[in-house]
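J.: The structure follows.
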Amino acid sequence: MLLAIDIGNTNIVMGLITEQGDLKAYWRIATRPEATFDEYGLLLRNLLDKGVLKVKGVVLACVVPKLTKVFQEVALYYFQQKVLLVAPGTKTGIKLLVDNPKGVGADRIVNSVAAYKKYGGVNLCVIDFGTATTFDVVSNKGEFLGGAIAPGVKIAAESLHLKTAQLPQIALKFPVKAIGKDTVANLQSGLMFGYIGLIKELIFRFKQELKGEWKIILTGGLAGSLMKELKNLDVVLEDNLTLEGLKIIWDLNQKAVL
């Protein structure tokens, strides 16, 4: 089995994947940069239970630099495995046609790899609703062209609550109408419908700059909730896109039998 790990700023997503690419187990835990090597090691052993004996490889994408070394040590000590880290120099199968390839987040690369593998042949936009919302544009030739980064919906909502005296914390759901009748409905309208407007405007501009057929792929926390408002963009939902991308990159970089 391959243990695929994606460390984001808010959550860590992990999955056990077979040689054939089947996801056998899946976990999402909170990211704690202050946690120690032993804390994460024991947590992983408890989650995997008997599966720990079946781990024959570990692949990691991390956007929290402090935790990269921690998980490398965990993999070596607890699983006797050296981590394949998604980093500059790692084979990915896509070209990074940006000004500073080393500055592209590992999660964005992994998502783009998986999207191109599944939907290649048309222009792609992968929208990942994480701590930040990232828009990754991949050409029909498998070239990562860049994209956009916006604050995540949750961060925007939390900022309004923390930086103002009278605005409450709210549930992130669509209100009945765009014209809100109370403060909560006003906030929900501005955040949720406003976010839909942000997405549609960016997609519109991407399509103006890169002609051809497009496919829009949604992944991450709020993807399912927002999808119904974006159906006219021909969107698809891919819950496990990042883990799938990690498996593809693993296969590209070695011939080990899992």
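J.: Using Cα pairs closer than 8 Å and at least 6 residues apart in sequence, work out the relative contact order for the chain, in percent.
T.: 20
J.: My understanding is that a pair violates if its Cα-Cα distance is over 25 Å; which of Lys102/Lys163; Lys207/Lys228; Lys24/Lys56 do that in this structure?
T.: From the list (Lys102/Lys163; Lys207/Lys228; Lys24/Lys56), the Cα-Cα distance tops 25 Å for Lys102/Lys163.
J.: Kindly write out, for region 214-220 in residue order, the coupling ³J(HN,Hα) from the Karplus curve 6.51 cos²θ - 1.76 cosθ + 1.60 (θ = phi - 60°), rounded to whole Hz, with x marking Gly and Pro.
T.: Rounded to whole hertz, the list is 10, 10, 9, 10, 10, 8, x.
J.: Which of Leu162, Leu233, Leu198 ends up with the largest GNM mean-square fluctuation for the chain, with Cα atoms connected below 10 Å?
T.: Looking only at Leu162, Leu233, Leu198, the biggest GNM fluctuation is shown by Leu162.
J.: Could you work out how much longer the chain between Lys82 and Arg32 gets when fully extended? Use 0.36 nm per residue separation minus the Cα distance between them, nm to one decimal.
T.: Between Lys82 and Arg32, full extension yields an extra 15.8 nm.
J.: Let me ask you something else. When the convex hull of the Cα atoms of region 2-85 is projected onto a plane and the area is averaged over all directions, what value comes out in nm²?
T.: Mean shadow area of the hull around the Cα atoms is 4.7 nm².
J.: By how many nm would the segment from Glu158 to Lys54 lengthen if fully extended, with 0.36 nm per residue of separation less the alpha-carbon distance?
T.: 33.4 nm
J.: Multiply the residue gap between Asn100 and Val176 by 0.36 nm, knock off their C-alpha separation, and tell me the result in nm, one decimal place.
T.: 23.0 nm
J.: How much of the DSSP beta bridge set in region 95-239 is antiparallel, as a percent to the nearest 5?
T.: Counting DSSP beta bridges with both partners in region 95-239, the antiparallel share is about 50 percent.
J.: How big is the C-alpha Rg of the chain next to the rule-of-thumb value 2.2 N^0.38 Å, as a ratio?
T.: 1.06
J.: How large is Rg over Rh for region 198-258, taking Rg from the Cα atoms and Rh as the Kirkwood inverse mean of 1/r across Cα pairs?
T.: 1.12
J.: Now, a different point. Along each of the three principal axes of the Cα atoms of region 95-239, give the extent in whole Å, ordering the values from largest to smallest.
T.: Dimensions of region 95-239 along the principal axes of its Cα atoms: 49, 32, 27 Å.
No value in this document is a laboratory result; all are computed from the given coordinates. The shown structure was predicted, so the numbers you read here are calculated from the model rather than taken from an experiment.
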